Amino acid sequence: MTAQPIIQVKDLHKWYSGVHALKGVTLDFHPNETVGLVGDNGAGKSTLINILSGIQAPSGGGITFEGRPVSFKGPRDAMEAGIETIYQYNSMVPTMSIARNMFIGREPLRWGIGGIGVLDTKKMAEESVRAIADVDLHLRSPDALVGELSGGQRQGVAIARAMHFKSKVMILDEPTNHLAVKETQKVLGFVQSLKGLGITGIFISHNIHHVFECCDRMVAMARGEVVLDKRVEDTNMDEILDVL
Amino acid sequence: MKRFLKTYLEKPELAGVAFLVLLTIAFQIRSGGVFLNAANLQGILGLLPEVALVAIGVTLLMICGEFDLSVGSVFALTPMSMAVLLEAGWPFVPAIAVGLCVAMAIGFVNGVLTVKFAIPSFITTLGMLFVARSITVVISGGFPPLLPTGAIPKWLFVTYVGPGDMFRVSFLWFVAIAIGVSLLLSRTNFGNWVRATGGFLPAAESMGIPTKRVKIACFMLCSLLAGFAGTLQVMRLGAPLPSIGEGLELQAVAAAVIGGTALTGGIGTILGGIIGATLIRVIDNGLVLSQVDANWFKMALGALTVFAVILNAWLRKKAKSIKVETGK
Ligand SMILES: Nc1ncnc2c1ncn2[C@@H]1O[C@H](COP(=O)(O)OP(=O)(O)O)[C@@H](O)[C@H]1O
Ligand SMILES: [Mg+2]
């Protein structure tokens, strides 16, 4: 890899009152690469990505994004930089429509004062239909409630949203948990398609098969540290199970 | 067609509308046609704004996922603050402005305590219910000040207007505020944040919505509306009693719930809250007209609340069972 890493994580630490959840994690993510992040429950995967997506602040160490040091004050900062995160449950409001969910926090306004204003609902409907079609998901109406969609369809909408806002890095934290086999395949398909779209992917899963299926590189974490970092073709199942 | 039916069955205010129509017919028959005559409608519409404004605020706050049990006390404290200042010789405009600021300050305290300490708003506002009521009694000095005659522009708030003096000016205030808050909730990005915050807090937070500020704003708006409603009542009655609004908090919650607002947040409409409040007024008035012992009012209100929720749950289940394809 000669290109400059899109994200550099340097000696990152995180303490939760007494728990040392990240113990000096150093890791580079390169443009247009899909990285699988694996590890047991409690290894610190979610903590790492919560810091990358601005939800938590690190206790020590730093992050650079496209070469510049950044410190995200909240998820908005990370989203504006181009980092979108898709969580197992957390990214959609089931009682709201697809169109409304697509634009939560980034609503197009017809006019407004001081950031508050009247929604451009027409634009929201049109753009959400297009965004959903772009990820090859076919939904009847942007007015359907997200609560009526299957788990896989919801993840599809979340991915469509991330694409719509032209993310440079897409982080998926266990997006396939609780999905049926067919739907899991669909989400894995989305992850595989990121490369073609020039998006850097960080895919977290505790299913190592899934990571082998759709990632270029494998990073394993255990007890708050990176214990393995190799290209998928240079490693195998046994080696990974060994270090975890 | 199916889609159409489903959309209607899913409307949270449907059960409330059904009850409203049924009760109106029943009372009209029982009262021998008196219920819908001009004089009685005038009575209903004259009082409606006071409960309905409180219900609007409580509904908005419940959609945002929080409760306010202190609205009844704010309903009394706001006009009491205004009256005390008027008695001290302040002009009307600064006096009412201070009163409404007191209301907003209480909403702010409710909101900040709730979000900063992450305690249920049920508790913070229960505390505020007692605190605000206590302050009301204390500043009234034990016996209520009289509103100085001529100090209040009655024409702007409580005189009768409209064809046949059908309603008070307060009704126009109510309609304007109802439309304003409905549009705020349904047509603005702020409304989107309110629904997201109440609908699923982790999602709202991970999408970068300032959920704490959204909640505090809703608490403040809720308190402001309760304070304004109390002020309307005091201007109508001509004297601020420290005991007005007792029990109003639960009536407002009942109104919201009858109108289809979910206790868990995220679901509900302002129109639903207004329909709920109207139902409460209609029952109150209809029972009197039908010469039923007035003590049955709470019984009727209680039964209605429970039935409305059951009916709503049933309608929603029906709507869910109507399968329309989400994919194609
Ligand atoms: N908000 C939190 N408060 C306290 N401890 C936490 C919090 N989040 C995670 N932890 C702890 O930090 C460690 C790493 O957790 P996490 O990052 O969720 O791991 P993973 O996603 O790999 O399962 C665990 O020991 C967990 O208990
Ligand atoms: Mg995790």
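The values are calculated or read from the model by the stated rules, or taken from the named source; none is laboratory data. The shown structure was predicted, so the numbers you read here are calculated from the model rather than taken from an experiment. Because the Cβ atoms are built from the backbone with ideal geometry, glycine has one as well, and the counts that use them run over all protein chains shown. Please note that ligands, DNA and RNA were not included when accessible areas were found on the heavy atoms of the full protein model with its side chains. Shrake-Rupley method; radii C 1.70, N 1.55, O 1.52, S 1.80 Å.
Annotations for the structure displayed:
- Formal net charge of residues neighbouring B:LEU69 (Cβ-Cβ distance under 15 Å; K, R +1; D, E -1): -3
- Rolling a 1.4 Å probe across the protein heavy atoms gives chain A an accessible surface of 44 Å² per residue.
- Comparing each chain alone with all protein chains together (probe 1.4 Å, DNA, RNA and ligands left out), the residues of segment A:132-151 losing at least 40 Å² of accessible area are A:HIS138, A:ARG140, A:GLU148.
- Radius 11 Å from Cβ of A:ASN207, net charge of other residues (Lys, Arg +1; Asp, Glu -1): -2
- Summing Lys and Arg as +1 and Asp and Glu as -1 over all other residues whose Cβ lies under 14 Å from the Cβ of B:VAL234 gives a net charge of +1.
- Comparing the full protein assembly with the isolated chain, the residues of segment B:173-192 losing at least 40 square angstrom of accessible surface (1.4 Å probe) are B:ARG187, B:ASN189, B:ASN192.
- Magnitude of the charge dipole for segment B:2-321, about its Cα centre and with charges confined to Cβ atoms of Lys, Arg (+1) and Asp, Glu (-1), is about 1080 debye.
- Counting only DSSP beta bridges with both residues in the protein assembly as shown, the antiparallel share comes to about 65 percent.
- Among B:GLY273, A:PHE72, B:PHE171 - extreme Cα towards positive end, dipole of the protein assembly as shown, charges at beta-carbon: B:PHE171
- Rounded to the nearest Hz, the phi-derived 3J(HN,Hα) couplings of segment A:67-77 under the Karplus curve 6.51 cos²θ - 1.76 cosθ + 1.60 (θ = phi - 60°) are x, 9, x, 10, 9, 6, 8, x, x, 4, 4, where x marks glycine and proline.
- Under 12 Å of direct C-alpha separation, and excluding same-chain neighbours fewer than eight residues apart, B:LYS317 reaches these aspartates and glutamates: B:GLU10.
- Over 31 Å between alpha carbons, listed pairs A:LYS73/B:LYS320; A:LYS123/A:LYS195; A:LYS10/B:LYS215: A:LYS73/B:LYS320; A:LYS10/B:LYS215
- For segment B:205-254, the pair-distance distribution built from all alpha carbon pairs, in bins 5 Å wide starting at 0, is 4, 17, 19, 19, 14, 10, 8, 5, 3, 2 percent.
- Sequence-distant residues sharing a close amide H with A:ILE7 (under 5 Å, placed H): A:PHE29, A:GLU66
- Of all accessible heavy-atom area on chain A, the percent that carbon and sulfur account for (1.4 Å): 51
- Relative contact order (%) - criterion: Cα under 8 Å, at least six apart; region: chain B: 35
- Accessible surface buried upon B-A contact (total; probe 1.4 Å; Å², nearest 100): 2600
- Surface exposure of chain B, expressed per residue as accessible area with a 1.4 Å probe, stands at 43 Å².
- Global form of segment A:8-53, assessed from the alpha-carbon gyration tensor, a/c cut-off 1.5: prolate
- Measuring heavy-atom accessible area with a 1.4 angstrom probe and counting protein chains only, the residues of segment B:202-220 that give up at least 30 Å² relative to the chain alone are B:ALA203, B:SER206, B:MET207, B:GLY208.
- Ordering A:110-123, A:7-20 by mean Cβ neighbour count within 10 Å, with the highest value first, yields A:7-20, A:110-123.
- Cα gyration tensor, the protein assembly as shown - rounded (a/c under 1.5), prolate or oblate: prolate
- For A:LEU228, nonlocal amide neighbours, meaning residues 5 or more places apart or on other chains whose placed amide H falls under 5 Å from its own, are A:ALA220.
- Helix A:181-196 axis, angle to chain A major axis (alpha carbon atoms, nearest 10°): 80
- Close amide H partners of A:PHE203, meaning residues 5 or more places away or on another chain with modelled amide H under 5 Å apart, are A:VAL35, A:GLY36, A:LEU37, A:LEU172.
- Solvent-accessible area, 1.4 Å probe, carbon plus sulfur percent, for segment B:2-321: 74
- Mean separation of Cα pairs under 8 Å and 6 or more residues apart, divided by the residue count, gives segment A:9-49 a relative contact order of 34 percent.
- Cα gyration tensor shape of segment B:2-321, rounded if a/c is under 1.5, else prolate or oblate by comparing a/b with b/c: oblate
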